[in-house]
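Below: one structure, written as structure tokens.
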Amino acid sequence: MTGNNPGGWMTIPEWDEVRQINVFHRERDTCALPKTGAPQNLHVLVRGRVELPPGPCVLRLSADDYYHAWLDGKWLGQGPAPAYHDHYNYQEYPVKGGRAVTVALHLYYQGLINRAWNSGDGRFGVWAVIVQKGKEIAWCDESWRYQICTAYSGETAGYDTQFLENFDSRQWPEGWERPKFDDSGWGRLVPAQWADYRLVSQPAVELWRGRAEAVSSDSIPGGVLLDFGRERVGTLHAVVKGRKGDKLILRFGEELDGTGRVRYDMRCGCRYEEIWTLGRGKSTLHQFDYKAFRYVEVLGLEAGPKLAECWVWERHYPMDDSLCTLSCRRDELEDIFQICKNAVRACCQEGYLDCASREKGQYLGDAVITARSQVWLTGKTDLLRKCARDFIVSGRVAPSLLAVAPGALMQEIADYSLLFPALALTDYDFTSDREFLWECYPTVKETAACFGSYQRSDGLLENVTHAWNMVDWPETMRDDYDFPLTRPEVGEGCHNVINALWYGFLLMKEKMERILGISRMMTSGRVGRAFRRAFWRSDQRLFADSEESAHCSIHANLYAACFGLMPPEGSTAYEKLLLTPGRVCGPLPMYFALRSLGRLGKYDILYRLLTRRDEYGWRNMLREGATACFEAWGKSQKWNTSLCHPWASGAIPIIIEELAGLRPDPDAPGGFHFEPHLPGKLDDFALQVPLRSQLLTVRQEIWRAALVVQPRNENRKEE
């Protein structure tokens, strides 16, 4: 490091002619984006030698799109979390000074416009700075060397969210990350021509990265079938001895097909089949981007190659598995809890992914449920805060918020935007931190103004046409909701769900204002009265789907009941509606339906729905072999069902808060209320959860629930 580009971004000379473009726009403002001239699926290896002065130092790293990092040949970390370039993340690593160190980086530019990355905009580079005592003392510059890596090739998978990785060991410079590797023939980096990044310290905890071995291995024609025990998110690594040019076929899947082979053409829309071309002697497989899978087939071994080692580097947000646990075999409650926990673990990466296979995106509506589950499982809200900030920044593109952030896919879903305050209030429930509420409040206020533009004289919304009105997904889960919801044009008129969510949004906004001491308009009461006038059908004692309809769907009633709009005389009819065979909703609205039953005091019905035995519940996922909760209640209920989708993890907060009766409350002693509603038959129920600095344990003892509070050991090792 010399000083020719102090603290600036560096790139490769091949990038001099690449054009940077703006990929952001409102969803309905479709436009043809100009060409950047940049390649796609670009892997670049970078090495830099740094002389450090005595004393502790800090290495700050960022890259666009992504990096894997080593220090003196030892794994350092990866990042940054996907972000908008004007709110871009960097990570910090402590480094011992008084020596020369080698920084090795595997950089990646995907070049696709999707919900997983902010890519395709022509920005590719690396930023590395050494800091000592708050002062920048060295940085990445023209002395750093690079080589474009040609070992990776492949087609796109999923919703064009990743490239498959056909790996050619003959093109891989083994040992390149080690200090003594000879890089004298490599090129040199150059300063990037753009300087429009606004860097912020990455708020999310670094990803956990651990080695997972197969739990079983079976011989199959031409190779071996490996079972890693449950759904995993990560990269496959292997060591094989063979001849130069030998080829192995790698197939990944979440399940087996009817013949006992890996279903690599997966339900979710990913076709996970790759080719590994071997070098001479011993070859090591180095995968870069992650997949979601349980099973792996390695084929081609009959021709002579010998599989010496095979493992998965599993990655996820740190989660101490022993912090939040449930033991209860009755009605498979423990198994329901576990598949939800596994899905949250797998899909909490550098954000709350809706799934780690097809989409790899952070959706706002999904995140509201996943965040509540994840905070209970870990006792931490830093990932929640990063998520909320991602959507706050998305307000620069769409004032009413994007549905997916921080990716480059432009999608707006009105239902999700109206749930944003729930993220801020979940953080407050667990932290009592008004500062973060203040940070979120301007976005809530701006969102209110955007939707307020659709209000008619009585306060209800009509013709909310800037965004998709989803109600539920897929369409078959909408219980014949009687209002046109086609995309991109939503039908004209005033319908129920968007207004029930609008009422809930106003309630949450007023709650935030009360906590923050802000003068409140108190408009929710007016909207609630108008809602009842417009949608209540006294003959059925239920709410109808629209002003013009007599059809009373589950969706027209579950949000209304959840937010307190259901009058007492509708309680029995609502209960019967939820229990009527064939009347169903998807996993995301079911969370709000179960919440509504708790609000109405119908805990027996809540428990029946939570543990229902038909094909529309968590127990059906278990019957179909789930190790993580699905996107739909069953594998065949959606044309592209993801088998790891934490929007269905709502059973976790429902069990903890509604049944065990542990409710976070910043104003209560200890930060919680305890009011259990466990069925008496659950005589083996034992739950432990982290909350603030405590571990809370609820046990069923002689038909009553008992609570034990003990200090939490903050130094526990996370897995």
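The values are calculated or read from the model by the stated rules, or taken from the named source; none is laboratory data. Remember, predicted model here, so these are calculated numbers, not experimental data. Here the Cβ positions follow ideal geometry from the backbone for every residue, glycine too, while neighbour counts run over all protein chains shown. Protein only, heavy atoms only, side chains kept; ligands, DNA and RNA dropped before computing areas. Shrake-Rupley method; radii C 1.70, N 1.55, O 1.52, S 1.80 Å.
Counting only strands (runs of 3 or more DSSP E) that sit wholly inside region 601-719, those with at least 1 residues that are charged (D, E, K, R) and open to solvent by 20 Å² or more (accessible area, probe 1.4 Å) are 662-664, 694-701, 704-711.
The set of residues in region 369-401 being in contact (Cβ under 8 Å) with a residue 60 or more places away in the chain, open to solvent by less than 10 Å² (accessible area, probe 1.4 Å) and part of a loop (DSSP other than H, G, I, E, B) consists of ALA398, SER400.
Of the residues LEU516, LEU507, LEU501, the single one that is of a type in the set (A, V, I, L, M, F, W, C), open to solvent by 50 Å² or more (accessible area, probe 1.4 Å) and either touching a strand residue (DSSP E or B) at 6+ places or on another chain (Cβ under 7 Å) or at pLDDT 95 or above (or both) is LEU507.
Selection of region 535-546 for residues being buried (at least 18 other Cβ atoms within 10 Å of the Cβ) and either part of a helix (DSSP H, G or I) or not small (Gly, Ala, Ser) (or both) yields PHE535, TRP536, ARG541, LEU542, PHE543, ASP545. Evaluation of GLY279 against the conditions (1) in a strand (DSSP E or B); (2) crowded, with 18+ Cβ neighbours inside 10 Å shows that the sole unmet condition is (1).
Do we have LEU326 as at pLDDT 95 or above, surrounded by fewer than 20 Cβ atoms within 10 Å (Cβ to Cβ) and either among the aromatic types (Phe, Trp, Tyr) or part of a strand (DSSP E or B) (or both) here? Explain how you work it out, then say what you get.
Working: at pLDDT 95 or above: yes; surrounded by fewer than 20 Cβ atoms within 10 Å (Cβ to Cβ): no; either among the aromatic types (Phe, Trp, Tyr) or part of a strand (DSSP E or B) (or both): yes.
In short, no.
Quick check on this structure: which one of CYS57, CYS31 is of a type outside the set (D, E, K, R), surrounded by fewer than 18 Cβ atoms within 10 Å (Cβ to Cβ) and not in a helix (DSSP H, G or I)? Break it down into steps so the answer makes sense when it comes.
Working: CYS57 fails: surrounded by fewer than 18 Cβ atoms within 10 Å (Cβ to Cβ).
Answer to the selection: CYS31.
Here ARG456 clears all of (1) surrounded by 15 or more Cβ atoms within 10 Å (Cβ to Cβ); (2) at pLDDT 95 or above except the condition numbered (1). What about ALA38, is it buried (at least 19 other Cβ atoms within 10 Å of the Cβ) and under 14 Å from HIS106 (Cβ atoms)? So ALA38 does not fit the description; no. Could you check, for region 255-268, whether at least one of its residues is in a loop (DSSP other than H, G, I, E, B), open to solvent by 50 Å² or more (accessible area, probe 1.4 Å), modelled with pLDDT of 95 or more and among the β-branched types (Val, Ile, Thr)? Yes, region 255-268 contains at least one residue that is in a loop (DSSP other than H, G, I, E, B), open to solvent by 50 Å² or more (accessible area, probe 1.4 Å), modelled with pLDDT of 95 or more and among the β-branched types (Val, Ile, Thr). For region 283-291, does any single residue satisfy the condition of being assigned to a strand (DSSP E or B) and either of a type in the set (A, V, I, L, M, F, W, C) or open to solvent by 40 Å² or more (accessible area, probe 1.4 Å) (or both)? Checked against the condition, which is being assigned to a strand (DSSP E or B) and either of a type in the set (A, V, I, L, M, F, W, C) or open to solvent by 40 Å² or more (accessible area, probe 1.4 Å) (or both), region 283-291 yields no hits at all. Within region 287-309, the residues that satisfy the criterion of being out of contact with any Gly (no Cβ under 9 Å at 6 or more places or on another chain) and under 18 Å from ARG243 (Cα atoms) are ALA308, GLU309. Checking each residue in region 432-446 for being assigned to a helix (DSSP H, G or I) and in contact (Cβ under 8 Å) with a residue 60 or more places away in the chain picks out ARG434, LEU437, TRP438, CYS440, TYR441, VAL444, LYS445. Scanning region 559-576 for residues that are open to solvent by less than 10 Å² (accessible area, probe 1.4 Å) and over 17 Å from ALA534 (Cβ atoms) gives a single hit, TYR574. Of everything in region 214-254 that is part of a strand (DSSP E or B) and among the acidic types (Asp, Glu), the residue that is farthest from SER169 (Cα to Cα) is GLU231.
Contact map, region 253-278: residues that are touching a residue at least 24 places away in the same chain (Cβ under 8 Å) paired with residues that are open to solvent by 50 Å² or more (accessible area, probe 1.4 Å) and among the β-branched types (Val, Ile, Thr), Cβ distance under 9 Å, separation 6+ or inter-chain. Pairs shown: GLU273/ILE249; GLU274/ILE249; ILE275/ILE249; TRP276/ILE249.
Looking only at residues in region 72-111 that are part of a loop (DSSP other than H, G, I, E, B) and small (Gly, Ala, Ser), which one is surrounded by the fewest Cβ atoms within 10 Å (Cβ to Cβ)? Spell out the reasoning first.
To start, the set of residues in region 72-111 that are part of a loop (DSSP other than H, G, I, E, B) comprises 72-73, 80-84, 97-99, 110-111.
Filter again for small (Gly, Ala, Ser), leaving 73, 81, 83, 97-98, 111.
Details: GLY73: 14, ALA81: 23, ALA83: 28, GLY97: 15, GLY98: 11, GLY111: 19.
Only one residue tops the list, namely GLY98.
The set of residues from region 651-701 being more than 26 Å from the chain's Cα centre (by Cα) and on the phi > 0 side of the Ramachandran plot comprises GLY661, GLY670, GLY671.
Residues checked against (1) outside any strand (DSSP E or B); (2) of a type in the set (D, E, K, R):
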site	(1), (2)
ILE137	no, no
ASP141	yes, yes
ARG170	yes, yes
TRP176	yes, no
LYS180	yes, yes
ASP183	yes, yes
TYR197	yes, no
GLU206	yes, yes
GLY210	no, no
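When we screen TYR559, TYR607, TYR616 for residues that are at pLDDT 95 or above, under 28 Å from the mean Cα position of the chain (by Cα), of a type in the set (Ser, Thr, Tyr) and closer than 30 Å to TYR295 by Cα, the only hit is TYR616.
Hey, any hits in region 238-246 for a residue that's surrounded by 17 or more Cβ atoms within 10 Å (Cβ to Cβ), in contact with a strand residue (DSSP E or B) (Cβ under 9 Å, 6 or more places away or on another chain), of a type in the set (Gly, Ala, Ser) and in contact (Cβ under 8 Å) with a residue 40 or more places away in the chain?
Yes, some residue in region 238-246 is surrounded by 17 or more Cβ atoms within 10 Å (Cβ to Cβ), in contact with a strand residue (DSSP E or B) (Cβ under 9 Å, 6 or more places away or on another chain), of a type in the set (Gly, Ala, Ser) and in contact (Cβ under 8 Å) with a residue 40 or more places away in the chain.
Whenever a residue of region 185-208 is polar (S, T, N, Q), its partners that are open to solvent by less than 40 Å² (accessible area, probe 1.4 Å) and in a loop (DSSP other than H, G, I, E, B), lying with C-beta atoms within less than 9 angstrom and at least six residues away or across chains, give the pairs GLN193/VAL18; GLN202/PRO80; GLN202/ALA81; GLN202/ALA83; GLN202/GLU350.
Scanning region 435-453 for residues that are of a type in the set (S, T, N, Q) and surrounded by fewer than 15 Cβ atoms within 10 Å (Cβ to Cβ) yields a single hit, SER453.
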